[in-house]
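A short write-up of the structure that comes next.
Any read-out appearing in this document is the output of simple, stated calculations on the displayed coordinates, not a laboratory observation. Predicted model only: the values in this text are computed from it and were never measured. We place every Cβ from the backbone using ideal geometry, glycine too, and count neighbours over all the protein chains shown.
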């Protein structure tokens, strides 16, 4: 009981002091255990690098990310200078530019940085949300991987060097401009035109969703004039010597979009009017290279960023539940709150374990997902490559969806404070997570693709065998149930007929994919726990 007190002494100082002192890696025994298990002989190096980057991500970059998220600091466009010259300058907080430079100086894609070091750096940095760095990091990764395979001109080799190893200590940032107003995820419907003018390729037309618009280079899909095939190009935002003059490369930024989340990051509508572009790979294989290389890395990143978001909100919800009292008890002692916290922790741990297991399996692939798919490839290798391709899409669907659910539930632990933008980072992470659900293919598009893939592979890989192989080591009863369900669903001719039978199959397919990937994540978690 309490009596009236006009000078209410209550404060949040104890909770805030704890939060200010948390080191994302040092104070998380679970992620340390995960890193030790999955990185094997590389553990000592990865662990040391994780400790080092966490010292920056957990404090300096965390605070910078919080400050630049204020609504009044959202980026805006300055289309003209004082002399009526078109410049299309993206005005961002100076603090954003400082943090971006510091983070990209981590040299994620340099030869000296191992894949596991890159991954743990991303995981720790992503605990601060988008912050105008998460999307640019993964977009740059896609550009680097694309150019590592196809850079064959002085221009493209120089772009690769700029993004990968840096020039004079400055690391370039990449972007991806794929979507157009008429197509969205339907990249084959692109109509942006690429014209070869006296040996120089130039682009003409519009792109409708262009994130990381401040980047130095962008991967852009376009159709060569007179062709129905989509090609892939790298487009510099400025030609050599023109960045300082603010003369863009044949392109105007028409407007910045007003988004629900990732608000620190510009997403814009662009018009190309003769932008110089460098073709990358065969001009009739643009869609295949976008899906096989660019989107593969982006979708992997969605899984790791979802795990990172969940780790942060789980930690803060658990601590708040032990600090905050109601009816003279810490709220974490109420059974219904305990159930919520357990659900949050379970989702966070399985998502992180699944992301690390999938990344390990992805690294083990010779030639990546776009390696030999010939019928004479050994069947076990062919099936393994297929498993990982489908699991990457399934992770994108499940992890991004779960992440938004987890953050919403974590916010409820805070009561009304949970939705206060200046109380914690949870509302911002919630909005950023909602963007991840749509980024790199919304749920319905990927569900359709996975169903089609399984049908096309059925002659050499039955869907029930796919389930059994991926989930080997789990309870056999569960495997048999999922195998029986996928056999029925994949036997349905297609998911395009609007009839009762297809609607029912679609409902079952949506539920199945979520349950199946949760089973894969639980298998990963079981593997980590068994390692001790």
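Cα-based radius of gyration for the range 211-359, normalised by 2.2 N^0.38 Å, reads 1.57. Its relative contact order, with pairs defined as Cα atoms under 8 Å and 6+ residues apart, puts the range 297-424 at 41 percent. Taking each residue as 0.36 nm, the span from residue 243 to residue 507 lengthens on full extension beyond its C-alpha to C-alpha distance by 90.0 nm. With all pairs of separate Cα atoms included, the range 33-170 yields a Kirkwood hydrodynamic radius of 16.9 Å. For the pair residue 468 and residue 377 in one chain, pulling the backbone fully straight at 0.36 nm per residue adds 30.6 nm over the alpha carbon distance.
Percent of Cα pairs in the range 57-110 per distance bin of 5 Å, from zero to the largest separation: 4, 16, 20, 18, 16, 12, 8, 4, 1. Counting every other Cβ atom within 10 Å of each residue's Cβ, 18, 61 order from fewest to most as 18, 61. With R₀ fixed at 41 Å, the C-beta to C-beta distance from residue 529 to residue 59 puts the FRET efficiency at about 0.85. Starting from the Cα gyration tensor of the chain, take the square roots of the eigenvalues, sort them a ≥ b ≥ c, and report rounded, prolate or oblate (rounded when a/c is under 1.5, otherwise prolate if a/b is larger than b/c, else oblate). The shape class here is oblate.
Computed from label points 7 Å out along Cα-Cβ, the spacing between residue 23 and residue 326 is 3.5 nm. Residues 417, 94, arranged from fewest to most other Cβ atoms within 10 angstrom of their Cβ, appear as 94, 417.
Helical content of the chain, expressed as a calculated mean residue ellipticity at 222 nm, amounts to -17000 deg cm²/dmol (DSSP H runs of 4 or more residues, -39,500 (n - 2.57) each, divided by residue number, nearest 500).
The Cα center of the range 313-362 and the Cα center of the range 512-532 differ in position by 17 Å.
Kirkwood Rh over alpha-carbon pairs of the range 287-530, then Stokes-Einstein at 20 °C and 1.002 mPa s: what D in µm² s⁻¹, rounded to an integer?
Approximately 111 µm²/s, per Stokes-Einstein.
If you wrap the Cα atoms of the range 174-285 in a convex hull and average its projected area over all directions, you get 7.3 nm². Counting neighbouring Cβ atoms within 10 Å and putting the fewest first, the residues 454, 203 line up as 454, 203.
With contacts taken as Cα pairs under 8 Å and at least 6 residues apart, the chain reaches a relative contact order of 12 percent. For the listed peptides 146-153, 308-315, a ranking on the average number of other beta carbons within 10 Å per residue, highest first, reads 308-315, 146-153.
At an R0 of 41 angstrom, the distance between the Cβ atoms of residue 258 and residue 477 translates into a FRET efficiency of 0.25.
Computed from the Cβ-Cβ distance with R0 of 22 Å, the FRET efficiency linking residue 204 to residue 152 stands at 0.35. Residues of the range 70-86 falling in the label zone of residue 271, defined by backbone nitrogen less than 15 Å from a point 7 Å along Cα to beta-carbon, are 79-80, 86. Of the peptides 483-490, 7-14, 347-354, the order by per-residue mean of other Cβ atoms within 10 Å, starting with the highest, comes out as 347-354, 483-490, 7-14.
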